[in-house]
Amino acid sequence: MRFYIKDKYLVPHLGEGSLPISKIQTIPQPPLNPDFSFNPDLQLLLTGKQLILDDLPFPHDEIQKHYENGYVTYRKGMEYNRSQPTCSRCGNNKENWFAQFPCSRCGEICHYCRKCLMMGRISACTPLLGWNGPAPEQPLPKTILEWKGRLSEGQQAASNQVVHAVESNKELLVWAVCGAGKTEVLFEGTESALTARKRVCIATPRTDVVLELTPRLKAAFPGITVASLYGGSEDRHLYAPLTIATTHQLLRFYHAFDTVILDEVDAFPYTVEESLQYAAVQARKPESAMIYLTATPNEKWQRECRTGKRAFTTIPARFHRHPLPVPHFTWCGNWQKQLKKEKLPANILHWVKERLKNKKQALLFFPHIGLMEKFLPILRQLTPNIEAVHAEDPDRKEKVQKMRNKEIPLLLTTTILERGVTFSNIDVAVIGAEDNIFAESALVQIAGRAGRSKDYPKGVVTFFHYGKTEEMIKARKQITAMNQEGTRRGLLDS
Amino acid sequence: MKLFPEAQCLICHEKIIPVIGWTEIFSEEKELIICSICKNKFERVEGEKCKLCSRPFQFLEENFRRGDLCYDCERWEEDIEWHGYLHANHSIFLYNDFFKEVMANYKFRGDYVLAKIFANCVKGFLKRIQSDLLVPIPLSDERLYERGFNQAEALIVESGFTPAKPLTRIHLEKQSKKSRSERIHIPQVFQINSQVEIIGKEILLIDDIYTTGSTLRHAAKLLKESGAERVQSLTLAR
Ligand SMILES: [Zn+2]
Ligand SMILES: [Zn+2]
Ligand SMILES: [Zn+2]
Ligand SMILES: [Zn+2]
């Protein structure tokens with residue numbers, strides 16, 4: 001779109017003297033006119049957001065009126081540093097993620113961002129719209145948190161820290177082992193924020209997690225409106241004091257939240273997509289709290305914790321007060337070479353046969369689909385009802401369900417099941433733990449699949465390898481360190 | 001073949017690794033812009049096809065075929081109101097799931113740069129088909145503003161040719177919701193822009209997809225009635 005500046009504000013205009021919005025030096029913001037009666041639907045839609053005109057079901061005239069009266073803000077969809085564009089929505093500034101087109105909206109050759117194109121095209125003439133008026137009223141129920149459960153000692157200590165960080169707008173990393181019960185650790189902090197009429201967002205890289213968290217938070221906070229946001233969700237335009245979203249959806253928010261809780265910060269694609277990290281920062285208010293949750297912080301963060309550069313708290317013990325299963329390392333020789341001759345190393349075969357004999361279910365992790373698929377027919381000679389899953393498997397959900405129902409004794413998987421999924425009583429093996437794909441965090445997560453239920457807190461974890469790696473050693477070290485801390489703090493019974 | 005250090009597939013964004021024995025589906029390429037995996041997902045219109053609309057016969061049931069023509073074309077041509085206006089339609093690709101996905105990004109999400117993927121093959125067709133004017137099927141002003149560009153015009157421009165615009169379009173509700181008979185009987189959606197000389201000209205209409213053929217036939221009819229000598233069409237997919 002083209003605008004020109006008239007009496008200290010922008011007016012959409014095509015003719016002479018007008019410019020695409022990104023070429024206007026500074027965008028004037030008219031003062032708030034208290035006598036203007038704003039559209040409350042627009043207020044609900046735009047508060048804390050950064051949207052493009054195509055996102056809004058209102059005519060541009062109406063939006064322009066709100067801008068002229070100080071209620072709506074215009075920002076440049078793209079900022080230029082000399083001739084180098086940066087997308088204001090996703091932060092992309094890499095040349096190969098931009099393209100150009102002869103634009104019918106501004107009549108010029110217009111840059112556009114390909115990185116966040118899925119959320120509607122941002123080009124050099126796109127205004128990003130925001131809200132500058134009062135925030136919508138949030139009626140509060142008498143009791144906010146209705147959860148009746150009890151926190152473990154470890155959870156309670158972490159929860160206190162979370163509350164403190166929320167109240168003082170600080171950053172905090174909660175490093176909680178797999179099975180510690182980290183969701184409950186968020187309840188008191190969330191309650192304290194909501195009570196203070198703060199807006200809270202729980203964000204995670206994975207849609208699965210949004211779907212799992214939503215009913216739990218709705219049950220814990222029954223009087224609070226919860227917006228659940230993921231690709232294609234119906235709550236897209238819902239204004240809520242409590243938002244649960246994929247990190248991707250944060251791209252539509254701007255200075256929205258007083259408290260952002262980032263769950264599984266170490267999970268894909270958050271770790272590799274700079275735009276998502278940018279989105280998480282953009283979605284926070286300048287003055288806000290940020291809580292990071294993970295079972296497996298990366299090496300840099302671990303170092304920052306050790307050297308006192310990052311505020312953190314640990315929950316070293318599981319909710320059921322039993323120690324984490326420590327992985328055994330078992331050398332299995334050149335297993336890939338054996339596999340070519342359709343043979344398995346004897347110790348792996350023995351491990352599997354033991355599980356089948358004792359009717360103990362097991363998960364077997366593989367570095368790649370191809371290797372897993374070579375394994376499968378060989379194992380099926382032992383018993384035919386063994387299944388294998390991978391990321392693109394259309395029957396993934398059904399197979400996981402079969403495993404839960406104990407209909408299959410053994411499930412072979414790629415790293416896709418490394419996190420999130422729990423089975424009550426299983427042993428775990430990694431085949432080829434030396435592979436690069438098995439980083440420290442992946443191995444800790446995989447080991448964390450075993451011994452999850454209080455009825456079966458023990459589980460065997462075996463890393464079959466053709467040469468021990470640093471990552472394997474670091475993973476085992478991390479697990480034993482957590483167990484030691486759990487013992488020291490009196491959080492373990494055995 | 002020259003490979004730029006940072007060559008990245010325009011469709012899947014993966015780094016492009018050149019393959020030995022690269023199939024020259026998209027001939028005359030100077031640089032690689034899509035990877036071989038994506039490239040192989042496009043399917044060409046090949047083999048026996050309807051003489052008029054290029055519909056491939058290999059996927060068509062026998063009873064929908066009438067000699068050289070498909071059943072739809074026969075119905076159009078039997079209708080004296082429509083007979084003979086569209087001389088022939090040429091199509092390059094099959095409208096498979098992959099094409100659909102790429103087209104959704106190109107046309108609806110507005111990823112203009114994807115026009116470059118098709119530039120070389122469109123160029124090949126434009127050189128082969130005899131014509132005086134290359135006419136993109138126009139969008140209404142409202143639709144053009146909404147999309148930011150005309151996807152048919154972009155195909156011509158990115159192939160290195162110059163579009164002619166003897167047609168304009170009246171804004172109407174979406175076509176796809178209507179039945180066949182409604183589509184045939186709707187009033188003309190196009191108007192002639194008299195600035196462009198079309199009398200006696202051979203015209204090649206350009207569009208992204210041939211679905212029912214009614215858009216192209218409406219345009220062809222108007223152009224012929226306004227003096228064009230012959231009207232053919234080229235669509236990316238069929
Ligand atoms: Zn533009
Ligand atoms: Zn962007
Ligand atoms: Zn590709
Ligand atoms: Zn036909």
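The values are calculated or read from the model by the stated rules, or taken from the named source; none is laboratory data. Predicted model, so just to flag it, every value in this text is computed and none were measured. Glycine also receives a Cβ, built like all others from the backbone with ideal geometry; neighbour counts cover every protein chain displayed. Calculation scope for accessible area: heavy atoms of the full protein, side chains included, ligands and nucleic acids excluded. Shrake-Rupley method; radii C 1.70, N 1.55, O 1.52, S 1.80 Å.
Annotations for the structure displayed:
- Failed item, numbered, when B:Asp111 is tested on (1) surrounded by 15 or more Cβ atoms within 10 Å (Cβ to Cβ); (2) more than 14 Å from chain A (Cβ to nearest Cβ); (3) among the acidic types (Asp, Glu): (2)
- Unmet requirement for A:Leu53, which otherwise passes all of (1) within 11 Å of another protein chain (Cβ to nearest Cβ); (2) open to solvent by less than 30 Å² (accessible area, probe 1.4 Å): (2)
- Residue among A:Met78, A:Met118 that alone is on the phi < 0 side of the Ramachandran plot and surrounded by fewer than 18 Cβ atoms within 10 Å (Cβ to Cβ): A:Met118
- Enumeration of residues in region A:11-42 that are within 16 Å of A:Glu79 (Cβ to Cβ), away from ligand 2 (no atom under 16 Å from the Cβ) and away from every other protein chain (no Cβ under 14 Å): A:Leu19, A:Lys23, A:Ile24, A:Gln25, A:Thr26, A:Ile27
- Condition met for B:Ile34 (surrounded by 15 or more Cβ atoms within 10 Å (Cβ to Cβ) and away from ligand 2 (no atom under 16 Å from the Cβ)): yes
- Looking across region A:254-291 at every residue that is open to solvent by 10 Å² or more (accessible area, probe 1.4 Å) and aromatic (Phe, Trp, Tyr), the one that is modelled with the highest pLDDT is identified as A:Tyr254.
- Residues of region B:75-84 classified as open to solvent by less than 50 Å² (accessible area, probe 1.4 Å) and of a type outside the set (Gly, Ala, Ser), total: 3
- Pairs where the first residue, in region A:349-373, is more than 13 Å from A:Ile408 (Cα to Cα) and the second is of a type in the set (Phe, Trp, Tyr), C-beta under 6 Å, 6+ apart: A:Met372/A:Phe366
- Note on region A:47-57: residues that are under 13 Å from A:Val72 (Cα atoms) and either free of Cβ contacts under 8 Å to residues at least 24 places away in the same chain or aliphatic (A, V, I, L, M) (or both) amount to 4.
- Wholly within region A:95-208, strands (runs of 3 or more DSSP E) carrying at least 3 residues that are within 14 Å of chain B (Cβ to nearest Cβ) and either among the acidic types (Asp, Glu) or closer than 29 Å to A:Leu51 by Cα (or both): A:98-102, A:109-113
- Of the strands (runs of 3 or more DSSP E) entirely within region A:305-377, those holding at least 3 residues that are surrounded by 15 or more Cβ atoms within 10 Å (Cβ to Cβ) occupy A:312-315, A:361-365.
- Single unsatisfied condition, B:Ile16 versus (1) modelled with pLDDT of 85 or more; (2) within 14 Å of chain A (Cβ to nearest Cβ): (1)
- Filtered residues of region A:158-173 (kept if in contact with a Leu (Cβ under 9 Å, 6 or more places away or on another chain) and within 14 Å of A:Phe312 (Cβ to Cβ)): A:Ala158, A:Gln161, A:Val162, A:His164, A:Ala165, A:Leu173
- Scan of region B:49-66 for residues that are more than 8 Å from ligand 4 (Cβ to nearest atom) and open to solvent by less than 50 Å² (accessible area, probe 1.4 Å), ordered by number: B:Pro56, B:Phe57, B:Leu60
- B:Val102 being part of a helix (DSSP H, G or I), over 22 Å from B:Phe57 (Cα atoms) and either within 16 Å of ligand 3 (Cβ to nearest atom) or open to solvent by 10 Å² or more (accessible area, probe 1.4 Å) (or both): yes
- Failed item, numbered, when A:Thr296 is tested on (1) touching a helix residue (DSSP H, G or I) at 6+ places or on another chain (Cβ under 6 Å); (2) open to solvent by 20 Å² or more (accessible area, probe 1.4 Å): (2)
- Residue count for region A:6-46 satisfying the condition of being among the polar types (S, T, N, Q), in contact (Cβ under 8 Å) with a residue 40 or more places away in the chain and buried (at least 17 other Cβ atoms within 10 Å of the Cβ): 2.
- Within region A:463-486, one or more residues are closer than 19 Å to A:Asn358 by Cβ, assigned by TED's automatic domain parsing to the domain that holds A:His350 and not in a loop (DSSP other than H, G, I, E, B).
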